[in-house]
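Asks: I'd like to ask some things about the structure below.
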Amino acid sequence: MLYALSNSLGSEEGFGEVKAYMTSPLAKFVAWGLLSALLYHLVAGVRHLIMDMGVGETLEGGRLGSKIIIAVSVVLIVLAGVWIW
């Protein structure tokens, strides 16, 4: 992805090349996979910030927080897939 960013910012021709190969299903799948990992990491990080404030530190709170993280992440990942495809 860094190569694609560098190539697309390098010149107009580079941008055209990146745009052309980002239309392939494999490139879209890779971009979706990377974005999915980043979204899950973001949501889990927010959970940890909330836990640092003292919310959800019990066993029951941890279990509920885990379920919420999975649900929110699935929704965001599906939305990212719709946006990419």
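The values are calculated or read from the model by the stated rules, or taken from the named source; none is laboratory data. Just so it is clear, the model here is predicted, and its values are computed rather than measured. Don't worry about glycine lacking a Cβ; one is built from the backbone with ideal geometry, like all the others, and counts go over all protein chains shown.
Asks: Is there a residue being at pLDDT below 95, surrounded by fewer than 12 Cβ atoms within 10 Å (Cβ to Cβ) and not hydroxyl-bearing (Ser, Thr, Tyr) anywhere in region 77-85?
Replies: Within region 77-85, one or more residues are at pLDDT below 95, surrounded by fewer than 12 Cβ atoms within 10 Å (Cβ to Cβ) and not hydroxyl-bearing (Ser, Thr, Tyr).
Asks: Next up: Out of all the residues in region 67-85, which are among the small types (Gly, Ala, Ser) and closer than 15 Å to HIS41 by Cβ?
Replies: SER73, ALA80
Asks: Restrict the check to region 30-51 and report whether at least one residue is without any contact (Cβ under 8 Å) to a residue 24 or more places away in the chain and of a type in the set (D, E, K, R).
Replies: Taking every residue of region 30-51 in turn, at least one turns out to be without any contact (Cβ under 8 Å) to a residue 24 or more places away in the chain and of a type in the set (D, E, K, R).
Asks: Same structure, new question: Output the residues belonging to region 11-61 that are in a loop (DSSP other than H, G, I, E, B), surrounded by 14 or more Cβ atoms within 10 Å (Cβ to Cβ) and of a type in the set (A, V, I, L, M).
Replies: Selection gives MET22 alone.
Asks: Identify the single condition in (1) part of a helix (DSSP H, G or I); (2) exposed (fewer than 13 other Cβ atoms within 10 Å of the Cβ) that SER8 does not satisfy, given that it satisfies every other one.
Replies: In the conditions (1) part of a helix (DSSP H, G or I); (2) exposed (fewer than 13 other Cβ atoms within 10 Å of the Cβ), SER8 misses (2) alone.
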